[in-house]
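A.B. asks: Structure in C-alpha cells, see below.
Every number in this text was worked out from the coordinates using simple rules, so none of it is lab data. Because the structure is predicted, anything quoted here is derived from the model rather than measured. Backbone-built Cβ (ideal geometry, glycine too); neighbour counts: all protein chains shown.
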C-alpha cells in the first residue's frame with residue numbers, strides 16, 4: 001500500500017488550474033480547454049466545493065481521463081490524467097447543483113445474492129453487473145449494506161469480492177450484517193467491509209437520503 | 001374519441017372559483033367550501049401554478065369527485081365534478097410545496113412478476129392492481145424499470161401490456177432490462193418500453209429522487 | 001359502456017375470473033375503483049352486453065356477486081340493482 | 001493488457017464462462033463497457049495472453065464470439081479483427 005502511495009506522489013503535473021471561487025460551468029470549461037490544448041499528461045484542478053469536484057470529475061471521466069481527488073485544507077484537488085487515447089467529451093457540460101440535502105446520500109441495501117425473482121441464474125448475472133455500474137454511476141451511493149444471503153457476497157471465495165473492494169477503495173462504506181455472517185458461520189471469512197449490528201444498519205437506513213433496495 | 005371529447009365540453013359548470021394569486025391552502029379551502037354547499041354538479045377552479053393544481057386535485061379526488069385538468073394560457077383549470085355519492089373529505093388539507101428537486105422523480109423498480117412473498121397467486125393479483133393505481137397516484141412516478149421476471153410483463157401475451165402501455169402513453173418512461181429479455185429469449189417479443197442496459201438502469205436508480213422497489 | 005362487478009372476497013374474484021375466461025367472456029381484473037365502496041380490492045370489468053351471461057354463469061357456480069356498477073364514458077356511474 | 005470479448009447473447013456468455021473456468025483460464029464476467037456497442041449486456045474480460053487459447057476452446061464449443069476488444073491501461077481500446 002505504501003509503495004502505491006509513493007508512486008502517486010511522483011506524478012508530473014503539467015498544469016494547475018485554479019477554479020476556486022468560480023461557479024459551474026467555469027471550472028469545467030477551464031478543464032475542457034486545457035485538456036483540448038494538451039496531448040497527454042496530468043493537470044490539477046483546484047476547487048473549493050464538492051459539486052465542483054463532481055462536475056469536473058464527471059467531465060474528465062466522460063473524456064476518458066483518469067481522475068483522482070484529494071483534499072488540501074478547505075480545497076479539493078482534482079487530478080486529471082489525459083492519455084493519448086482520451087477523447088475530450090463534446091457533450092454539453094453538466095452542472096450538478098449543490099446537493100440540496102445535508103444528508104447521508106444514497107444507501108444501497110442488498111438483501112440477497114441475486115437480483116429479482118424468476119431465475120436465480122439470471123439474478124446472479126444482474127448482481128454481477130451491479131457493482132461495476134455503481135462505480136460509474138453519478139451520484140455514487142455512499143453506503144452499501146449486505147444482509148441475509150447478501151452477506152455471502154463479502155466473504156472469502158465470493159466472485160464479487162474484487163468489485164466490492166473496489167467500491168470500498170473509492171470511499172463507499174460497506175456494512176455487512178454481523179448476525180447474518182454469524183448465522184452462516186462466515187464471521188471469520190469476511191473479506192471486505194465493516195461487520196455491523198442492527199442498530200447501526202437501521203440508523204444508516206433512516207438517515208439516508210434515499211435507500212435503493214435490491 | 002372525438003365524440004367523447006365533444007361530450008366533455010358540454011359539461012354544465014355550476015360555479016367557477018378564482019384561485020389565482022392565492023397560495024395553498026386557500027384554493028383548496030375555497031374548493032372545499034363550494035363542494036360542501038352543493039349537492040352535485042361541476043365546478044371549475046382556476047389556479048396559476050402546478051402545485052395548486054396538485055393540491056386541489058388531490059383534495060377533490062379524496063372527496064370522491066372526478067377531476068379533469070386543462071391549461072388555459074398561463075392558468076390551469078381544475079374541473080371538479082361532485083356526484084351524489086361523493087363525500088367531501090374531512091381530512092386535513094395537504095399543501096404540497098413546489099417540488100424541491102429538479103431531479104428525476106420517482107422510479108419504480110419491478111424485479112418480479114408478482115408482488116411480495118408468500119402466495120404467488122396473491123402476488124400476481126397485487127401486480128395487476130399496481131399499474132392502474134400508479135396511473136391515478138399523485139405524484140406519478142416518472143420511470144419504471146422491469147428486471148428478471150419483471151421483464152416478462154412487457155412482452156407479447158402479457159396480461160399487463162395494456163396497463164403498462166397506458167402508463168407509457170401518459171409520459172412515464174418504461175425501461176426493460178435487455179439482458180433479462182435475452183436470457184428468457186424474449187428480446188423480439190417486447191411490446192412496450194425501451195430495452196435498456198445495466199449502466200443505464202443503475203444510473204436511473206441513483207439519479208431518482210426516490211426508488212420504490214416492488 | 002363499462003360494467004364493473006364487485007365481490008365480497010378476493011377468492012370470489014379469482015374464481016369468477018377463471019370461470020368467465022374459460023367461457024370466453026371478455027373481462028378484465030381491475031383494482032376496485034375508489035368511488036365504489038367494496039370490501040374487496042379487486043373487481044371485474046366487462047362490457048354491458050356480457051352482464052346477463054355472467055350473472056347466469058356465476059349463479060351456477062355459486063360465486064356470488066356483491067354489486068354491479070355501470071360506468072359511463074364521463075366517469076359517472078350508477079349501481080344496478082336487481 | 002485487458003481483453004474484452006463480447007457475445008451475441010447472454011447464453012453464450014454464460015456458457016463461455018463455464019467452459020473457460022473449467023479449463024482454468026483466468027476470466028471475469030463484466031457488464032459490457034459503455035464504449036463497446038453490443039447486443040449483450042455482459043462480456044468476458046481476460047488477459048491478452050489467453051486470447052488464442054480462448055478462441056480455440058470456444059470454437060470447439062460452437063460458442064461464437066461477437067467481437068474482441070483490446071483495452072490498454074489508460075482506458076483506450078481497439079477492436080481486434082480476425
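A.B. asks: With no solvent and one equal point scatterer per Cα, compute the Debye intensity ratio I(q)/I(0) for the range B:12-82 at 0.13, 0.14, 0.15 Å⁻¹ and report its log10, rounded to two decimals.
C.D. replies: So the normalised log intensities are -0.28, -0.33, -0.38.
A.B. asks: Contact order normalised by length for chain A, with contacts defined as Cα pairs under 8 Å and 6 or more residues apart; what percent is it?
C.D. replies: In percent, rounded to a whole number, it is 16.
A.B. asks: Calculated FRET efficiency, residue A:161 and residue A:39, Cβ-Cβ r, R0 45 Å, to nearest 0.05?
C.D. replies: It comes out at approximately 0.75.
A.B. asks: Summing -39500 (n - 2.57) over the DSSP H runs of n ≥ 4 in the protein assembly as shown and dividing by its residue number, what mean residue ellipticity at 222 nm do you reach, to the nearest 500 deg cm²/dmol?
C.D. replies: So the calculated ellipticity at 222 nm is -10000 deg cm²/dmol.
A.B. asks: Over all pairs of distinct alpha carbons, what does the Kirkwood formula give as the hydrodynamic radius of chain A, in Å?
C.D. replies: This gives a value of 19.1 Å.
A.B. asks: Going 7 Å from Cα along the Cα-Cβ axis for the label, what nanometre distances separate residue B:12 from the same residue across the other copies?
C.D. replies: Counterpart label points of residue B:12 in the remaining copies fall at 8.8 nm.
A.B. asks: Can you list, largest first and rounded to whole Å, the semi-axes you get for the range B:43-89 by taking the square root of 5 times each eigenvalue of its Cα gyration tensor?
C.D. replies: Equivalent ellipsoid semi-axes, largest first: 20, 10, 6 Å.
A.B. asks: Most mobile of B:148, B:62, B:185 per a Gaussian network model of chain B (Cα springs, under 10 Å)?
C.D. replies: Comparing B:148, B:62, B:185 in the GNM, the peak value goes to B:185.
A.B. asks: Could you work out, residue by residue across A:131-138, how many beta carbons of other chains sit within 10 Å of that residue's beta carbon, and then give the average as an integer?
C.D. replies: So the per-residue partner count for this stretch is 6.
A.B. asks: Rounded to the nearest 5, what % of the DSSP beta bridges within the range A:106-213 are antiparallel ones?
C.D. replies: Antiparallel bridges: around 5 percent, rounded to the nearest 5.
A.B. asks: Label position 7 Å from Cα toward Cβ: report the copy-to-copy distances for residue A:39 in nm, one decimal, ordered from shortest.
C.D. replies: Here residue A:39 shows inter-copy label distances of 9.0 nm.
A.B. asks: A further question on this structure: Order of D:77, A:160, D:48 from fewest to most other C-beta atoms within 10 Å?
C.D. replies: Exposure proxy ranking, most exposed first: D:48, D:77, A:160.
A.B. asks: Per the Kirkwood treatment, what hydrodynamic radius in Å, one decimal, follows for the range A:121-178 from the mean inverse distance over all distinct Cα pairs?
C.D. replies: Kirkwood radius, the range A:121-178: 11.7 Å.
A.B. asks: Here's something else I'd like to know. Mind checking D:36-49 for the average number of partner chain beta-carbons within 10 Å of each residue's beta-carbon?
C.D. replies: 3
A.B. asks: Going out from 0 in 10 Å bins, what whole percent of all Cα-Cα distances in the range C:2-80 drops into each bin?
C.D. replies: P(r) over the range C:2-80, rounded to whole percents: 19, 60, 20, 1.
A.B. asks: If I take R0 = 51 Å and measure r between the Cβ atoms of residue B:140 and residue C:56 in this structure, what FRET efficiency does the formula 1/(1 + (r/R0)^6) give, to the nearest 0.05?
C.D. replies: 0.80
A.B. asks: Let me ask something else about it. In chain C, what % of DSSP beta bridges are antiparallel (nearest 5)?
C.D. replies: The antiparallel fraction comes to roughly 100 percent.
A.B. asks: What is the calculated FRET efficiency for residue C:9 to residue A:95, with r their C-beta to C-beta distance and R₀ = 45 Å, to the nearest 0.05?
C.D. replies: Working from the Cβ atoms, E equals 0.20.
A.B. asks: Restricting to Cα pairs below 8 Å that are 6+ residues apart, what does the relative contact order work out to for chain C? Please round to a whole percent.
C.D. replies: Taking the mean separation of contacting Cα pairs over the length of chain C, I get 41 percent.
A.B. asks: Within a 10 angstrom radius of each residue's Cβ in B:115-126, how many Cβ atoms of other chains show up on average? Whole number is fine.
C.D. replies: Across B:115-126, the average partner-chain Cβ count within 10 Å equals 2.
A.B. asks: Alpha carbon centre of the range B:141-185 versus the range A:111-132: separation in Å?
C.D. replies: Each part reduced to its Cα centre gives a spacing of 18 Å.
A.B. asks: Determine the percent antiparallel among the DSSP beta bridges restricted to the protein assembly as shown, to the nearest 5.
C.D. replies: 60 percent
A.B. asks: Kindly provide the Kirkwood hydrodynamic radius of the protein assembly as shown in Å, to one decimal, from all pairs of distinct alpha carbon atoms.
C.D. replies: By the Kirkwood definition, the hydrodynamic radius is 28.0 Å.
A.B. asks: Next question. Using alpha-carbon pairs under 8 Å, 6+ residues apart, how would you state the relative contact order of the range B:15-89 in percent?
C.D. replies: 34 percent
A.B. asks: To continue, here is another question. Roughly how tilted is helix D:51-60, in degrees to the nearest 10 and between 0 and 90, from the longest Cα axis of chain D?
C.D. replies: With both axes taken from Cα atoms, the answer is about 40 degrees.
A.B. asks: Quick check: convex hull of the Cα atoms in the range A:106-213, volume per residue, rounded to a whole Å³?
C.D. replies: 95 Å³
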